[in-house]
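Inspection log for the structure reproduced underneath, given as structure tokens.
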Amino acid sequence: MPPPVAADRFLAKRPDVARRFVAAFRNSLEFAQANPDAAVAAQVPELSAEDVKGSWLDASQLVFNRCPTSRDRAL
């Protein structure tokens, strides 16, 4: 089992910090999806832009994969 993203004790004491972190992380992902070239430019300079962009475009399909809900399926 992977380690937890945040400890229950931290979340109980600092829920505002956790909410702000998740919001900032989501904003960064949405920015990268809308601006892949700018996101690539912000990456580690030792990596080629082509490799970084290819990796991001592949991974972003998992991040932004819309999962169907029961409302999407015919009853």
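Consider only pairs whose beta carbons are under 9 Å apart and that are at least six residues apart or on different chains; among these, list those whose first residue lies in region 52-63 and is closer than 13 Å to L29 by Cβ and whose second residue is open to solvent by 70 Å² or more (accessible area, probe 1.4 Å) and part of a helix (DSSP H, G or I).
Going by the 9 Å Cβ cut-off, the qualifying pairs are W56/Q33; S60/Q33; V63/Q33.
Rundown of residues vs (1) at pLDDT 90 or above; (2) not in a loop (DSSP other than H, G, I, E, B); (3) not aliphatic (A, V, I, L, M), yes/no style:
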position	(1), (2), (3)
P3	no, no, yes
A12	yes, yes, no
A23	yes, yes, no
A38	no, yes, no
E46	no, no, yes
K53	no, yes, yes
W56	no, yes, yes
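The values are calculated or read from the model by the stated rules, or taken from the named source; none is laboratory data. Not measured: the values here are computed from a predicted model. Reconstructed Cβ throughout: ideal geometry from the backbone, glycine too, with neighbour counts over all protein chains shown. For accessibility, only protein heavy atoms count, side chains too; no ligands or nucleic acids. Shrake-Rupley method; radii C 1.70, N 1.55, O 1.52, S 1.80 Å.
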